[in-house]
Structures are given as structure tokens and as C-alpha cells.
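The values are calculated or read from the model by the stated rules, or taken from the named source; none is laboratory data. Since we're looking at a predicted model, the values are computed, not measured. Backbone-built Cβ (ideal geometry, glycine too); neighbour counts: all protein chains shown. For accessibility, only protein heavy atoms count, side chains too; no ligands or nucleic acids. Shrake-Rupley method; radii C 1.70, N 1.55, O 1.52, S 1.80 Å.
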Amino acid sequence: MTRVWRGLSARQAEGVLLLMATVAFVAGMALTAAVMDDSPQDTGRAGAGAPLPGSTALGPVSLVLPADLGPWAPVPEERLVALREGVAGDGPDLDGVWGWVAPDGVLVTVLTAAAGAHSGVDHVEGPFAPDQRIDVPWRGGARHVAGSEVVDGVRVVVLAAELQDGTLAVISVSGPDAALEPGRLREVLGTVRLR
């Protein structure tokens, strides 16, 4: 390698160094752009995409369960069956029910209905009146609606979205109002990824 450098004129050596510096600068800028472009998309925005680190899968949905409210445990199967039967009489035919619960009574559930078994996001019942709606920052084009209400000291937040294959997913977070202030819930909803 030394022999190559010695064989170059001063002008050629400057040209090679300038070229190497330009390549290094462009590579560094590309890496910085990739890192900066990746992080805002992965935090604070719900929607389609790969699960975030530390996410928990609930059927076709993943989200990050707040560690400080844990430890989290799967909802017992008998409670999921009761939930499924309770919803079945009033709404679409459910093809999946998943849930996780924390010691303070904070409950996260995901209900799904296959394409053709539901009437779409606009027909989901929930806290979606204009004064109850939540604007969840969103990635992708999935139709969705979100809302929140407090009943007898229990806050319930619901996010309904249509997956790419037409499946309806309804994500619900409920628990004592003191533990689930609206800003905190928006953070949780921002980690939702539809798969």
C-alpha cells in the first residue's frame, strides 16, 4: 500500500484523499438519516409495522405494556370465554380474544372479527362521540377510531382499526382513572402495531 501512495503525485494523492473523505461523509450522512428517520416512526405512532422492542403480542396486535403498572399476566381463559360470550350477543362474531391484566386491575384486551363478520370501524360501539374521541398519531392508511370515557372511576380507552386483510381489531385498555390518565393512555396506544 505504501508503494501505491509513493507512486502518486501530490495532486493525485489529494484527489484520492478528497474522494475518500467524500465517501465517508456521504456514508455518515446516510447512517444519520436512517437513524433519525427510523426513530420518529417507531415511537408514539400506532399503525402497521413491526412490533416495538418490549412489545407483547395479543393476536394480530402488539403493544408495549407499561412496566411500572406490572407485573402483567395473561387473562385466565375462563374470563376470556366470558368476555367473548358477552360481546357475541351484541356485536360481530369474534374469532379471537386476548388479554393481559396488571395487579391494580388495569386490563388490556384485543378482540378480532374476520372480514365479512363485521360492518367496519364506523359501526363499532364505544366512546366515540365527538367529545370522547382521541386523536391517535397514526402510521399507514388503516381506518381507525379511538375514544375514552370514565364510568364510576374506571377509565376505558378503545381503539378500533381495520387490518389490511379486512379483520377488525378492537383494542381496549381499562382500569382505575388515577392509574390511567389520558396522556399515559395515548402513549400506550402509540405503541400499537397491527400485523
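Restricting attention to region 141-160, does a residue exist that is in a loop (DSSP other than H, G, I, E, B), more than 22 Å from Trp72 (Cα to Cα) and among the hydrophobic types (A, V, I, L, M, F, W, C)?
Initially, region 141-160 is screened for residues in a loop (DSSP other than H, G, I, E, B), giving 141-143, 152-153.
Still in the running and more than 22 Å from Trp72 (Cα to Cα): 141-143, 152.
Then drop every residue that is not among the hydrophobic types (A, V, I, L, M, F, W, C), which leaves 142.
Yes, region 141-160 has at least one match.
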Here are Gly140, Gly153, Gly190: which of them is farther than 21 Å from Trp98 by Cβ, of a type outside the set (D, E, K, R) and open to solvent by less than 50 Å² (accessible area, probe 1.4 Å)? Gly153
Looking at Val158, is it of a type outside the set (D, E, K, R) and in contact with a Ser or Thr (Cβ under 6 Å, 6 or more places away or on another chain)? yes
Of those in region 41-72 that are of a type in the set (Ser, Thr, Tyr) and crowded, with 16+ Cβ neighbours inside 10 Å, the residue nearest to Gly140 (Cα to Cα) is Ser62
So Arg195 ticks every box in (1) open to solvent by less than 30 Å² (accessible area, probe 1.4 Å); (2) in contact (Cβ under 8 Å) with a residue 60 or more places away in the chain but one. Which box is left unticked? (1)
Listed residues Val97, Val75; which is closer than 30 Å to Leu185 by Cβ, at pLDDT 90 or above, surrounded by 15 or more Cβ atoms within 10 Å (Cβ to Cβ) and in contact with a helix residue (DSSP H, G or I) (Cβ under 6 Å, 6 or more places away or on another chain)? Val97
Please find, among Ala114, Ala102, Ala178, the residue that is among the small types (Gly, Ala, Ser) and loosely packed, with under 14 Cβ neighbours inside 10 Å. Ala178
Between a first residue in region 115-141 that is in contact (Cβ under 8 Å) with a residue 60 or more places away in the chain and within 17 Å of Ile171 (Cα to Cα) and a second residue that is part of a loop (DSSP other than H, G, I, E, B) and not small (Gly, Ala, Ser), which pairs have beta carbons less than 7 Å apart while being 6 or more apart in sequence or on different chains? Pro137/Arg45; Trp138/Arg45; Arg139/Arg45
